[in-house]
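Worksheet: the structure to be examined is printed underneath.
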Amino acid sequence: MEYHKETERNAFGAPIWHIAETASTMEDAKEIASRGAADGTVMYADYQTSGRGRVEGRVWESPAGESLLCTVILRRAAVQGFTLRVGLAVARTFDAFLPEGRKTAIKWPNDVLLEGKKLAGVLCETSGETLLVGTGLNLGQQSFSEALSSRATSLALALAGTGIPLPPRDAVLECYLENLRESLAEKDWNAAVSARLWRKGELVSFLSGDPARNELCEGYVEGIGPSGELLFRPAPLNTGKTSLTEPNTEGSIVRFFSGEIPY
């Protein structure tokens, strides 16, 4: 690995390492963690050749230098709602650079959206007793492929026409690390996540368990449980409802610990 130590401020007080191109910052972080890297050490790259998402087969595609692709090494026990806390930190980071009145949403369990389009993804893994926090933040992309254009966006696209300049990537990284440190210690994280939960109160289709199994059910997004699980109220059969946002008061809440809400 030909990483170079950067001078950006790290709220965790640990080194930040940068590389132009690598296969995966997550895999690099595992290697440096095995050699004793300090809590809060950051690995970030301009380009990843093998970036991946939470679900097997999904890859992270981004031209060089247009995303913030990083993994943070944490030497600590995971707190409740860990991945959602990371998403909260990412959401607050984007909010810090967006025009007033525009706010991000958190798509359970691990994406950050703006007006229904993906701005960032989170991938958390463990390696022994070490937590690895991987994030990909869309910053400078001016366009996306045909397959992604309807469900992906970037900070650059959000700022287009506003007169607000795109912030330097190191400034975004510094802001994210500060927000991450704070969200991991936050007592009211659950309320903060629930307040910006995508599709909350709406009737949605939900893929339970492994999304690849395509086990769909319908119901209402109610909120976030104490461990970060999705609180979901299945829609009764033959409800006669005509509005997808009409409140549902029937049925018992189900707790999902894995799965996703399709776009």
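At a temperature of 4 °C and a viscosity of 1.567 mPa s, determine how fast the stretch 93-198 diffuses translationally according to Stokes-Einstein, using the Kirkwood radius over alpha-carbon pairs as Rh; express D in µm²/s, rounded to the nearest whole number. Translational D for this selection: 87 µm²/s.
Sequentially through the stretch 143-150, phi angles give Karplus couplings (6.51, -1.76, 1.60; θ = phi - 60°) of 7, 10, 4, 4, 5, 10, 4, 7 Hz, Gly and Pro residues having no value and appearing as x. What the phi angles of the stretch 96-103 give under the Karplus curve with 6.51, -1.76 and 1.60, with θ = phi - 60°, is a coupling list of 5, 10, 7, x, 4, x, 9, 9 Hz, glycine and proline written as x. Heavy atoms of the protein chains alone define the surface here; on that basis the chain has 47 Å² accessible area per residue at 1.4 Å probe size. Taking the accessible area of the chain, probe 1.4 Å, and keeping the other protein chains in place, the carbon and sulfur fraction comes to 48%. Electrostatic bookkeeping for ALA171 treats Lys and Arg as +1 and Asp and Glu as -1; over the other residues with beta carbon under 13 Å from its beta carbon, the sum is -3. Each part gets one Cα centre, and for the stretch 16-50 versus the stretch 105-131 those centres are 18 Å apart.
Check cross-link reach from LYS30 to the aspartates and glutamates: straight Cα distance under 17 Å, and skip same-chain residues fewer than eight apart. Result set, ordered by chain and number: GLU2, GLU21, ASP39, GLU125, GLU129. Based on the reciprocal of the average 1/r between different C-alpha atoms, the Kirkwood radius for the chain equals 19.1 Å. Sparsely packed loop sites in the stretch 112-154 (the GluC sites (Glu not before Pro) outside DSSP H, G, I, E and B with at most 11 other Cβ atoms within 10 Å) comprise GLU115, GLU129, GLU146.
Ordering ASP39, ASP188, ASP28, ASP170 by how much accessible area each has at a 1.4 Å probe, largest first, what is the list?
Greatest to least solvent exposure: ASP188, ASP170, ASP39, ASP28.
Placing +1 on each Lys and Arg Cβ and -1 on each Asp and Glu Cβ, with no other charges, gives the chain a dipole about its Cα centre of roughly 480 debye.
Under 5 Å from the amide H of SER127 lie the amide H atoms of LEU132, each residue being 5 or more positions distant or on a separate chain, with H modelled from the backbone and absent for Pro and chain starts. Taking a straight line from the alpha carbon of LYS103, these lysines sit under 23 Å away, with near neighbours fewer than eight places off in the same chain left out: LYS117, LYS118, LYS187, LYS200.
For the pair LEU216 and THR126 in one chain, pulling the backbone fully straight at 0.36 nm per residue adds 29.5 nm over the alpha carbon distance. Per-residue SASA remark: HIS4, around 110 Å² accessible (1.4 Å probe; ligands, DNA and RNA not included). Note on the chain: GNM, Cα springs under 10 Å; of LEU157, LEU113, LEU123, the largest mean-square fluctuation is that of LEU157. Given a 1.4 Å probe and the protein chains as shown, ARG181 ends up with an accessible area of around 100 Å². Farthest toward the positive end of the dipole of the chain, out of THR162, VAL133, GLY201, is the Cα of GLY201, where the dipole comes from beta carbon charges about the Cα centre.
The values are calculated or read from the model by the stated rules, or taken from the named source; none is laboratory data. Bear in mind the structure is a predicted one, so any value in this text is a computation, not a measurement. Neighbour counts are summed over all protein chains in view; Cβ atoms, including those assigned to glycine, are modelled from backbone coordinates with ideal geometry. For the accessible areas, the whole protein counts, side chains as well, though only heavy atoms, and no ligand, DNA or RNA atoms are used. Shrake-Rupley method; radii C 1.70, N 1.55, O 1.52, S 1.80 Å.
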